[in-house]
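Taken together, the values in this text are just the output of simple stated rules run on the coordinates, not laboratory data. This one's a predicted model, so the numbers in the text were calculated from it and none came from an experiment. We place every Cβ from the backbone using ideal geometry, glycine too, and count neighbours over all the protein chains shown.
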Amino acid sequence: MDFKNEENRKQGLRLSLAKVTALCLVFLVIGFVVGSTSQFLLGPAATNILAKLGFPVNVNLAKLISVQNLVLDRHVYTDLEADSMMENAIRGLLSKVDGGFTRYESTEEARRSAEQSSGEYAGIGVTVRLVEEQVHIESVFRGSPAQASGILPKDIIVGVEGESIRGMALIDVTSRIKGPVGTPVNLTIYRPSGNLSIDVKVTRDRIIVPVVEYEILSPDLAHVVLTQFTTTATEQMRLALSDLEQKRVKHVLLDLRFNPGGYTNVVEAIAGFLLDPNQVIYKTVDRNGGTFDQKTLTSKLFTGGVTVLINGGSASASEILAGALRDNRQTTILGTTSYGKGTVQQGYPLGDGSRVWVTVQTYRTPAGMDINKVGIEPDVVIPAPDTAATTDKQLEDAIQYVRDNFLR
């Protein structure tokens, strides 16, 4: 046997196998590159052919890119923005998924949404609204820089840093007023009550938006308003209920009207303040049909009675809380039917500060009721007040109902 020739033959085989392997890898990479980039480089027809041949391409994505490129190349207006077009395409993609709950937020929208949900920001501590191109101050937060500077409700902001704001969008005005903690902002205020124009310098500070307000109407009854389940709502509600418990208030009318919801972990905590430990707050159902019972984990803070007041603006976390109280402690619900949002969304950041919210679960009340698109029916219907009325007749009737049925 010729050992030398045999060794050469084996070496040649090893080289051939190495070449074949290398070639396979090259073709694999080329196939991946062609498949993943063809929708950008080729038109829909060519991409469709590649898809039929088994390449990993997305025909619909290729069509979208092709349309965008066509419009950018041929449209009479040459200042079209590709990024804006793509954002609008994403919004259109999600607009019909589930009524707007699965949605896209631009970088700026995501920032504002996070600020609103957090319940705090750096500013002067006022709420404003736009009336005939004028920025009217609705309320001034207690202990805020605005209050310390003498700003009053019903004042009108007419200028920021010496520049008139008439005709500006409200978001542009508030963006100018907000700023880093410790920095000043100069406002020009018109006060209708005295027909005065005032220049005010306000130093910005950290503002915690009050989302819980309460009033002790009598030694045995308190009216508690919860406007949103922000990250700061848990502590505000804890302080309010602890105070009412310490003062031995017998009953609370919990007002959830126009409360759009918020974070589920916040409603879980607040439910725990009003329910016994280990009681079911709500049940979730995922896309595979899997269920989970979310239970209370904390000790009850308020041991008195509770009645809930809702309306068509009470949604999501408000409905979770109302359903949990009714199913666990037979709480009476007053008002009108709630909104009917029985889904849970999860936010997914996209890397550039923008975000997509996706509906990942539905939920049921502890008794298993699906309230989505149905809402929670009140036990006692109290009609909504006339929008032109100067008093809140619905609230007055609810207070009277509690007094007549629970405090005699």
Counting pairs of alpha carbon atoms under 8 Å apart in space and at least six apart in sequence, what relative contact order in percent does the chain give? 11 percent
5 Å is the cut-off here: which amide hydrogens, built 1.01 Å from N in the peptide plane, fall below it relative to residue 207, excluding neighbours closer than 5 in sequence? 121, 122, 123
Taking amide H atoms as placed 1.01 Å from N in the peptide plane, list the residues 5 or more away in sequence, or in a different chain, whose amide H sits under 5 Å from that of residue 331. 326
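Rounded, prolate or oblate: which one fits the range 111-190, using the alpha carbon gyration tensor with axes a ≥ b ≥ c (rounded when a/c is under 1.5, else prolate when a/b beats b/c, else oblate)?
rounded
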Can you tell me what share of the DSSP beta bridges in the chain is antiparallel? A percent to the nearest 5 is fine. 75 percent
Rounded to whole Hz, the Karplus (6.51, -1.76, 1.60) HN-Hα couplings of the range 210-216, x for glycine and proline: x, 10, 10, 10, 9, 9, 7
Among the chymotrypsin sites (Phe, Trp or Tyr not before Pro) within the range 190-287, which fall in a DSSP loop and have no more than 16 other Cβ atoms within 10 Å of their own Cβ? 258
Rounded, prolate or oblate for the range 70-224? Axes are the square roots of the Cα gyration tensor eigenvalues, ordered a ≥ b ≥ c, and the cut-off for rounded is a/c under 1.5. oblate
Counting other Cβ atoms within 10 Å of each Cβ, which trypsin sites (Lys or Arg not before Pro) in the range 117-156 have at most 15 and sit in a DSSP loop? 142, 154
Everything considered on the Cα gyration tensor (a ≥ b ≥ c; rounded for a/c under 1.5, else prolate if a/b is larger than b/c, else oblate), the range 254-326 must be described as oblate
Determine ³J(HN,Hα), in whole Hz, for all residues of the range 111-122 in sequence, where each value follows from phi through the Karplus function 6.51 cos²θ - 1.76 cosθ + 1.60 and θ = phi - 60°; x replaces Gly and Pro. 5, 5, 5, 5, 5, 5, 6, 6, x, 8, 6, 9
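Tell me, what does the Kirkwood hydrodynamic radius of the range 171-302 come to in angstroms if you use every pair of distinct C-alpha atoms? Kindly include the intermediate steps, with their values, before the conclusion.
Working: mean 1/r = 0.0551 Å⁻¹.
Roughly 18.2 Å, rounded to one decimal.
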Give me 117, 95 sorted ascending by neighbouring Cβ count inside 10 Å, so fewest comes first. 95, 117
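By count of other Cβ within 10 Å, fewest leading, how are 158, 71 ordered? Walk me through the numbers on the way to the answer.
Values: 158 16, 71 13.
If I rank by nearby Cβ atoms, fewest first, I get 71, 158.
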Check which residues have an amide H placed less than 5 Å from residue 306's amide H, if you skip close sequence neighbours. 252
Could you state the number of Å between the C-alpha centres of the range 248-275 and the range 155-183? 34 Å
Karplus ³J(HN,Hα) for the range 147-154 (6.51 cos²θ - 1.76 cosθ + 1.60, θ = phi - 60°; Hz, whole; x = Gly/Pro) runs 5, 5, 8, x, 6, 10, x, 6
Write down the Kirkwood hydrodynamic radius of the chain, to one decimal in angstroms, obtained as one divided by the mean of 1/r over all alpha carbon pairs. 26.2 Å
Quick check of the Kirkwood formula: for the range 251-402, what is the inverse mean of 1/r over all pairs of different Cα atoms, in Å? 16.2 Å
If you rank 268, 245, 235, 163 by fewest surrounding Cβ atoms within 10 Å, what's the result? 163, 235, 245, 268
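Calculated from DSSP H runs of 4 or more alone, at -39500 (n - 2.57) each and per residue, what is the 222 nm mean residue ellipticity of the chain, nearest 500?
The helix contribution divided over the chain gives -12000 deg cm²/dmol.
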